[in-house]
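A.B. asks: A single structure is presented below for examination.
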């Protein structure tokens, strides 16, 4: 017999987890929210909290004409026709409706803050503001605080410092692919990730039991996996995103240290499957500092190991990551001269061009550049030929590339004719000494590999069949994008949306209603 009221276990408390907890409780469930860290918020609380949406009232107030059809077409193209139309329609319609839902909770979206967050022409980036409750630096924390503030403490019980490492499931809940390695050790790996999730089955009860690392047991009727990605686990990155760990000793993750991929272990243990392997958002920097460094100065030239330009250096970071990964050695040289170094002293790079509220540092600030020149990490040369020799690039290629750039930037001051680069910081590279910084793809921003779900946030097995009473939402989900990030706010919006969907459906399924 189903338990009354239904009991929903939510693993993870980022945007997806707290949205799931709130919606499940609003639909009559008793919710237990399990968070592995000592605070709520996950990666969402560390973010700007932007929601990527079309057809909103906020856009209309700003005079932006946009439609769901335009956004669906954009997503379809940017995802290379690999994501199901039903999923994309769910995301587009649901993220539009997220804006008033969050506004009802106290989050503010000002029309004047809208910005072009992707590679399209319409302003779809909705920047949130409001009380952060001390949960983080910007709008993402405001979203988390607003949702958590709406919890009914009688219906949502929160447990922090609770890492889930084991599960017991009713036999009738099992997918044909469910693993039942009940004797499997779950000791953390050396980099902090679990080797597997301890699993057993119980045919005598309808109850699902989750077990924490310290031996506590939590019982429920449905489980929502919302534990984030796996960027903080080197072993999981090696398994599911090997392109991110090509450069030993360079890789680091901008998100929470608790994003160890526990949800992948939990989901695959009950029969779920991981899709979109070896895709994600990885940023290329010289790794002088560990900070989110997405926006580069216009005076840089990017030369690959063959001494050739290969991209518009100011292209959106969503495109630059995959582009750099596909260059020889997944690296390039950031080349500049003394004029640029002098300019950087009085003109530091703008690390927050959209006003999201972050105080981020740049690898390309003058103080950092001078320090790294002195240390030898930035190569200095009196001529381009010497620079090529010291970096290993072909001298004739470097000299040709730079001479072409110098001609182009004199003849076409407003726009680079080769790659369309536009910046007030473009000028000939002809003021020795010359400098080159080794730049590699290594900074993991988001992982795309994850559990396969349907439009109802139901966890699917490898044949695409829903696994009863199991749902997933947030970065732990895969298959919502391909290799290129659609735009700022896509992940946050999808996480909140599928969290809401999972919460409602988990509560309803336990009461006997099937998700549609």
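The values are calculated or read from the model by the stated rules, or taken from the named source; none is laboratory data. Please read all numbers here as calculations on a predicted model, not as lab measurements. Note that each Cβ is placed from the backbone with ideal geometry, even for glycine, and that neighbours are counted across all protein chains shown.
A.B. asks: Looking at this structure, is residue 515 buried (at least 23 other Cβ atoms within 10 Å of the Cβ) and either farther than 23 Å from residue 230 by Cα or modelled with pLDDT under 95 (or both)? Reasoning before the result, please.
C.D. replies: Numbers: buried (at least 23 other Cβ atoms within 10 Å of the Cβ): no; either farther than 23 Å from residue 230 by Cα or modelled with pLDDT under 95 (or both): yes.
It is false that residue 515 is buried (at least 23 other Cβ atoms within 10 Å of the Cβ) and either farther than 23 Å from residue 230 by Cα or modelled with pLDDT under 95 (or both).
A.B. asks: Mind telling me which of the residues 438, 430 ends up being in contact with a helix residue (DSSP H, G or I) (Cβ under 9 Å, 6 or more places away or on another chain), part of a strand (DSSP E or B) and surrounded by fewer than 23 Cβ atoms within 10 Å (Cβ to Cβ)?
C.D. replies: 438
A.B. asks: Give the residue that is surrounded by the most Cβ atoms within 10 Å (Cβ to Cβ), with candidates limited to residues of segment 237-268 that are over 23 Å from residue 45 (Cα atoms) and in contact with a helix residue (DSSP H, G or I) (Cβ under 8 Å, 6 or more places away or on another chain). Even if it seems obvious, please write down each step before you answer.
C.D. replies: Looking only at segment 237-268, we keep the residues that are over 23 Å from residue 45 (Cα atoms), and these are 238-250, 265-268.
Right, trim to in contact with a helix residue (DSSP H, G or I) (Cβ under 8 Å, 6 or more places away or on another chain) and you get 238, 240, 243-247.
Numbers: 238: 13, 240: 24, 243: 17, 244: 29, 245: 18, 246: 16, 247: 15.
Step by step, filter segment 237-268, then rank; the result is 244.
A.B. asks: Also, I was wondering about something else. Between residues in segment 130-154 that are closer than 16 Å to residue 23 by Cβ and residues that are surrounded by fewer than 19 Cβ atoms within 10 Å (Cβ to Cβ) and at pLDDT 95 or above, which pairs lie under 7 Å by C-beta distance while being six or more apart or on different chains?
C.D. replies: That search, which allows pairs on different chains as well, returns 146/105; 146/106; 147/105; 150/105.
A.B. asks: Mind listing whichever residues of segment 385-414 are closer than 18 Å to residue 439 by Cα and surrounded by fewer than 18 Cβ atoms within 10 Å (Cβ to Cβ)?
C.D. replies: Residues satisfying the conditions are 389, 390, 392, 394.
A.B. asks: Turning to a different aspect of this structure: Kindly evaluate residue 502 against the criterion of being in contact with a helix residue (DSSP H, G or I) (Cβ under 7 Å, 6 or more places away or on another chain) and either crowded, with 24+ Cβ neighbours inside 10 Å or assigned to a helix (DSSP H, G or I) (or both).
C.D. replies: Numbers: in contact with a helix residue (DSSP H, G or I) (Cβ under 7 Å, 6 or more places away or on another chain): yes; either crowded, with 24+ Cβ neighbours inside 10 Å or assigned to a helix (DSSP H, G or I) (or both): yes.
When the stated conditions are applied, residue 502 passes them.
A.B. asks: How many of the residues making up segment 151-181 are modelled with pLDDT under 60 and either loosely packed, with under 12 Cβ neighbours inside 10 Å or closer than 30 Å to residue 130 by Cβ (or both)?
C.D. replies: Residues that pass the stated criteria total 1.
A.B. asks: Restricted to segment 441-457, and to residues that are surrounded by fewer than 24 Cβ atoms within 10 Å (Cβ to Cβ) and more than 18 Å from the chain's Cα centre (by Cα), which residue is farthest from residue 88 (Cα to Cα)?
C.D. replies: 456
A.B. asks: Using the structure shown, decide if residue 103 is more than 21 Å from residue 445 (Cβ to Cβ) and either in contact (Cβ under 8 Å) with a residue 40 or more places away in the chain or buried (at least 23 other Cβ atoms within 10 Å of the Cβ) (or both). Full working, then the answer.
C.D. replies: Values: more than 21 Å from residue 445 (Cβ to Cβ): yes; either in contact (Cβ under 8 Å) with a residue 40 or more places away in the chain or buried (at least 23 other Cβ atoms within 10 Å of the Cβ) (or both): no.
No; evaluated as a whole, the condition is false for this residue.
A.B. asks: In this structure, is residue 481 in a helix (DSSP H, G or I), touching a residue at least 12 places away in the same chain (Cβ under 8 Å) and either touching a helix residue (DSSP H, G or I) at 6+ places or on another chain (Cβ under 9 Å) or within 23 Å of residue 274 (Cα to Cα) (or both)? Give the steps one after another, and end with the answer.
C.D. replies: On the way: in a helix (DSSP H, G or I): no; touching a residue at least 12 places away in the same chain (Cβ under 8 Å): yes; either touching a helix residue (DSSP H, G or I) at 6+ places or on another chain (Cβ under 9 Å) or within 23 Å of residue 274 (Cα to Cα) (or both): yes.
No; evaluated as a whole, the condition is false for this residue.
A.B. asks: Failed condition for residue 48, given (1) free of Cβ contacts under 8 Å to residues at least 40 places away in the same chain; (2) within 17 Å of residue 488 (Cα to Cα); (3) touching a strand residue (DSSP E or B) at 6+ places or on another chain (Cβ under 9 Å), with all others met?
C.D. replies: Failed condition: (1).
A.B. asks: How many of the residues making up segment 76-86 are in a helix (DSSP H, G or I) and either surrounded by fewer than 19 Cβ atoms within 10 Å (Cβ to Cβ) or touching a helix residue (DSSP H, G or I) at 6+ places or on another chain (Cβ under 7 Å) (or both)?
C.D. replies: The initial filter retains those residues of segment 76-86 that are in a helix (DSSP H, G or I), namely 76-78, 85-86.
Restricting the remaining residues to those that are either surrounded by fewer than 19 Cβ atoms within 10 Å (Cβ to Cβ) or touching a helix residue (DSSP H, G or I) at 6+ places or on another chain (Cβ under 7 Å) (or both) gives 76-77, 85-86.
Residues meeting the conditions: 4.
A.B. asks: Looking at (1) at pLDDT 95 or above; (2) surrounded by fewer than 19 Cβ atoms within 10 Å (Cβ to Cβ); (3) more than 30 Å from residue 469 (Cα to Cα), can you tell me which one residue 316 breaks?
C.D. replies: That leaves (1) as the condition not met.
A.B. asks: Among the residues of segment 469-482 satisfying the criterion of being over 12 Å from the mean Cα position of the chain (by Cα) and within 20 Å of residue 78 (Cα to Cα), which is surrounded by the most Cβ atoms within 10 Å (Cβ to Cβ)? Outline the logic, then answer.
C.D. replies: So in segment 469-482, the residues over 12 Å from the mean Cα position of the chain (by Cα) come out as 469-473, 479, 482.
Next cut, within 20 Å of residue 78 (Cα to Cα) only: 479, 482.
Working: 479: 23, 482: 17.
Among residues in segment 469-482 that are over 12 Å from the mean Cα position of the chain (by Cα) and within 20 Å of residue 78 (Cα to Cα), the one surrounded by the most Cβ atoms within 10 Å (Cβ to Cβ) is 479.
A.B. asks: Give segment 101-154 a look and list any residue that's under 19 Å from residue 27 (Cα atoms) and not in a loop (DSSP other than H, G, I, E, B), or say none. Explain how you work it out, then say what you get.
C.D. replies: Quick first cut of segment 101-154, residues under 19 Å from residue 27 (Cα atoms) only: 101-102, 104-105, 146-154.
Correct list: 101, 102, 104, 146, 147, 148, 149.
A.B. asks: In segment 377-414, what residues are assigned to a loop (DSSP other than H, G, I, E, B), without any contact (Cβ under 8 Å) to a residue 60 or more places away in the chain and in contact with a strand residue (DSSP E or B) (Cβ under 9 Å, 6 or more places away or on another chain)?
C.D. replies: Looking only at segment 377-414, we keep the residues that are assigned to a loop (DSSP other than H, G, I, E, B), and these are 377, 382-383, 392-394, 412-414.
Pick out the ones that are also without any contact (Cβ under 8 Å) to a residue 60 or more places away in the chain and you get 382-383, 412-414.
If the condition is that a residue be assigned to a loop (DSSP other than H, G, I, E, B), without any contact (Cβ under 8 Å) to a residue 60 or more places away in the chain and in contact with a strand residue (DSSP E or B) (Cβ under 9 Å, 6 or more places away or on another chain), then 382, 383 are the ones that fit.
A.B. asks: On the given criteria, is residue 87 over 21 Å from residue 280 (Cβ atoms), at pLDDT 95 or above and under 19 Å from the mean Cα position of the chain (by Cα)?
C.D. replies: Numbers: over 21 Å from residue 280 (Cβ atoms): no; at pLDDT 95 or above: yes; under 19 Å from the mean Cα position of the chain (by Cα): yes.
Here the answer is no, as residue 87 does not meet what is asked.
A.B. asks: Looking at 148, 108, can you tell me which residue is under 22 Å from the mean Cα position of the chain (by Cα) and either surrounded by fewer than 24 Cβ atoms within 10 Å (Cβ to Cβ) or at pLDDT 95 or above (or both)? Quick ask: steps written out before the conclusion?
C.D. replies: Details: 108 fails: under 22 Å from the mean Cα position of the chain (by Cα).
Result: 148 is the single residue among 148, 108 that is under 22 Å from the mean Cα position of the chain (by Cα) and either surrounded by fewer than 24 Cβ atoms within 10 Å (Cβ to Cβ) or at pLDDT 95 or above (or both).
A.B. asks: Further, regarding this structure: With respect to residue 221, determine if the residue is more than 24 Å from residue 486 (Cα to Cα) and crowded, with 22+ Cβ neighbours inside 10 Å. Break it down into steps so the answer makes sense when it comes.
C.D. replies: Numbers: more than 24 Å from residue 486 (Cα to Cα): yes; crowded, with 22+ Cβ neighbours inside 10 Å: yes.
Yes.
A.B. asks: Moving on. In segment 57-67, is there at least one residue being over 15 Å from residue 495 (Cα atoms), over 18 Å from the mean Cα position of the chain (by Cα), modelled with pLDDT under 95 and outside any helix (DSSP H, G or I)? Break it down into steps so the answer makes sense when it comes.
C.D. replies: Restricting attention to segment 57-67, the residues satisfying the condition of being over 15 Å from residue 495 (Cα atoms) are 57-67.
If we keep only those that are over 18 Å from the mean Cα position of the chain (by Cα) as well, we get 57-67.
Checking which are modelled with pLDDT under 95 leaves us with none.
Scanning segment 57-67, I find no residue that is over 15 Å from residue 495 (Cα atoms), over 18 Å from the mean Cα position of the chain (by Cα), modelled with pLDDT under 95 and outside any helix (DSSP H, G or I), so the answer is no.
A.B. asks: Here's something else I'd like to know. Out of (1) part of a helix (DSSP H, G or I); (2) surrounded by 21 or more Cβ atoms within 10 Å (Cβ to Cβ); (3) over 21 Å from the mean Cα position of the chain (by Cα), what's the single condition that is false for residue 73?
C.D. replies: In the conditions (1) part of a helix (DSSP H, G or I); (2) surrounded by 21 or more Cβ atoms within 10 Å (Cβ to Cβ); (3) over 21 Å from the mean Cα position of the chain (by Cα), residue 73 misses (2) alone.
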